[in-house]
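Structure first, then comments.
The values are calculated or read from the model by the stated rules, or taken from the named source; none is laboratory data. All figures in this text were calculated on a predicted structure; none of them were measured in a lab. Cβ placement follows ideal geometry from the backbone for every residue including glycine, while neighbour counts extend to all protein chains displayed.
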Amino acid sequence: MSNELGNLALKNLRACQNNMTKVTSQELAQYRSLLADDSEAMEVLDLIEDCEGDLEDAAMSLAIRVGQEPQQPNSEWLEALAKKWRAVICEQDYRQNLLNGSIVEMMAHLKSMPTFPKILATPVLIYVLKQGVNNFCQPLDLLKQD
């Protein structure tokens, strides 16, 4: 009996994790209105839509397009990329904008960094918003408290 419950819990957890990285058509419309002046972001949003809202699949396609060779499964790779840039994404100057759902300033900041793969700014920031900005930044916040 407990094994069945464990399997059910694992199945539900996987379903929840999958939902976290799905972008709904309403969310895509919202991002399109926020990023209307950014043609590259609009192209990325179209790709996310073509991938049926699967943020990770779209990010993986973009990564391959710009010559990156991800060695991890899609779900782990996007998370790892976002975590790699956590210190930048969670900077207090930009964090409040992200908390308010505005990604324009952070997008410009990431794209200004020479080592950040610019075309991946949109999926990374959507990923952070889907995780919850405070949840995503919490590990960094905990380190700063010590």
For segment 100-121, enumerate the residues that are small (G, A, S), modelled with pLDDT under 90 and over 14 Å from N134 (Cβ atoms). S102
For segment 92-99, state whether one or more residues are assigned to a helix (DSSP H, G or I), basic (K, R) and over 16 Å from D38 (Cβ atoms). yes
Can you find, within segment 48-99, the residue that is farthest from G132 (Cα to Cα) among those that are surrounded by 12 or more Cβ atoms within 10 Å (Cβ to Cβ) and β-branched (V, I, T)? I48
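If I ask for residues that are surrounded by fewer than 20 Cβ atoms within 10 Å (Cβ to Cβ) and among the β-branched types (V, I, T), which ones from segment 100-126 would you list?
Of segment 100-126, the ones surrounded by fewer than 20 Cβ atoms within 10 Å (Cβ to Cβ) are 100-102, 104-105, 108-109, 111-119.
Once the filter is applied, which keeps residues that are surrounded by fewer than 20 Cβ atoms within 10 Å (Cβ to Cβ) and among the β-branched types (V, I, T), segment 100-126 yields V104, T115, I119.
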Suppose we filter segment 17-48 for residues that are in contact (Cβ under 8 Å) with a residue 40 or more places away in the chain, assigned to a loop (DSSP other than H, G, I, E, B) and of a type in the set (A, V, I, L, M, F, W, C); how many remain? 2
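Please determine whether any residue of segment 49-70 is of a type in the set (D, E), assigned to a loop (DSSP other than H, G, I, E, B), more than 16 Å from the chain's Cα centre (by Cα) and over 18 Å from T24 (Cβ atoms). Walk me through how you get there before you give the answer.
Step one: list which residues in segment 49-70 are of a type in the set (D, E), which gives 49-50, 52, 54, 56-57, 69.
Retained after the next criterion (residues that are assigned to a loop (DSSP other than H, G, I, E, B)): 52, 69.
Going one step further and asking which of them are more than 16 Å from the chain's Cα centre (by Cα), we end up with 69.
With over 18 Å from T24 (Cβ atoms) added as a condition, the list becomes 69.
Looking through segment 49-70, at least one residue is of a type in the set (D, E), assigned to a loop (DSSP other than H, G, I, E, B), more than 16 Å from the chain's Cα centre (by Cα) and over 18 Å from T24 (Cβ atoms).
So, S75, is that one at pLDDT 90 or above and in a helix (DSSP H, G or I) or not?
Working: at pLDDT 90 or above: no; in a helix (DSSP H, G or I): yes.
It is false that S75 is at pLDDT 90 or above and in a helix (DSSP H, G or I).
Within segment 78-91, can you find the residues that are under 22 Å from D54 (Cβ atoms) and not in a helix (DSSP H, G or I)? Walk me through how you get there before you give the answer.
Quick first cut of segment 78-91, residues under 22 Å from D54 (Cβ atoms) only: 78-85, 89.
Passing the criteria: only W85.
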Subset of segment 100-146 that is free of Cβ contacts under 8 Å to residues at least 40 places away in the same chain and acidic (D, E) - its residue that is nearest to L78 (Cα to Cα): E105
